[in-house]
1. If I ask for residues that are under 21 Å from L142 (Cα atoms) and either part of a loop (DSSP other than H, G, I, E, B) or under 17 Å from the mean Cα position of the chain (by Cα) (or both), which ones from region 1-14 would you list?
2. On the given criteria, is L118 over 12 Å from R64 (Cβ atoms) and in contact with a Phe, Trp or Tyr (Cβ under 7 Å, 6 or more places away or on another chain)?
3. Just for region 17-30: of the residues that are touching a residue at least 24 places away in the same chain (Cβ under 8 Å) and out of contact with any Ser or Thr (no Cβ under 7 Å at 6 or more places or on another chain), which one is farthest from R64 (Cα to Cα)?
4. Looking at Y105, Y13 in this structure, which one is crowded, with 16+ Cβ neighbours inside 10 Å, in contact (Cβ under 8 Å) with a residue 60 or more places away in the chain and closer than 18 Å to G130 by Cβ?
5. For residues that are touching a Gly at 6+ places or on another chain (Cβ under 6 Å) and not in a helix (DSSP H, G or I), tally how many sit in region 114-145.
6. Of all the residues that make up region 16-53, how many are assigned to a helix (DSSP H, G or I) and surrounded by 15 or more Cβ atoms within 10 Å (Cβ to Cβ)?
7. Is there any pair with a first residue in region 45-66 that is free of Cβ contacts under 8 Å to residues at least 24 places away in the same chain and farther than 19 Å from G121 by Cα and a second that is basic (K, R) and loosely packed, with under 15 Cβ neighbours inside 10 Å whose Cβ atoms are under 9 Å apart and which are 6 or more apart or on different chains, and what are they?
8. With the checklist (1) over 27 Å from F138 (Cα atoms); (2) among the aliphatic types (A, V, I, L, M); (3) in contact with a Gly (Cβ under 6 Å, 6 or more places away or on another chain) in hand, flag the one item M80 doesn't pass.
Amino acid sequence: MAISEFLPNEYGYVVLIVVFYCFLNFWMSAQVGRARKRYNVPYPTLYAIESENKDANLFNCVQRGHQNSLEMMPMFFILMVLGGMKHPCLCTGLGLLYSITRFFYFKGYSTGDPTKRLTIGKYAFLGLFGLMICTISFGVSLILG
């Protein structure tokens, strides 16, 4: 039997949101690369030191915005993949909300003022919390049969 026989037809949307987030991650990575050139922070330096670089805060905010998105990515992906097996349309919407708000989180952080990451970016946790509920629902439905 093909795996598609076990998944709802709408699960394809879940897959597309996961890929969309991958593209978002590639874009954020490119922004860090551009910031390395702009603020003169060579590899393998992860974070610039303020005593050595007057633009350290600006670079570090770009780097940190991407790093935080990477830190959250495994949780986002697993919740999308599992929760989407039972609730594909709801998880698609929640995943899209999460992805869009992560874009604004990164853009706000990249200004050099870390508080701006929360203007729209704070709503990412609504998407993540909703995905947790969908995944819990899927787990309970497996237990109860």
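1. M1, A2, F6, L7, P8, N9, E10, V14
2. Working: over 12 Å from R64 (Cβ atoms): yes; in contact with a Phe, Trp or Tyr (Cβ under 7 Å, 6 or more places away or on another chain): no.
No; evaluated as a whole, the condition is false for this residue.
3. Result: V18.
4. After ruling out the rest, the residue left standing is Y13.
5. So the count comes out to 1.
6. Residues in region 16-53 being assigned to a helix (DSSP H, G or I) and surrounded by 15 or more Cβ atoms within 10 Å (Cβ to Cβ): 10 in total.
7. Note: pairs meeting the criteria are D55/R38.
8. It is condition (1) that M80 fails.
Readers should treat all values here as calculations from the given coordinates under stated rules, not as data from a laboratory. Only a predicted model underlies this, so the values are computations on that prediction, with no experimental measurement involved. Cβ sites come from the backbone with ideal geometry, for glycine too, and all protein chains shown count toward neighbours.
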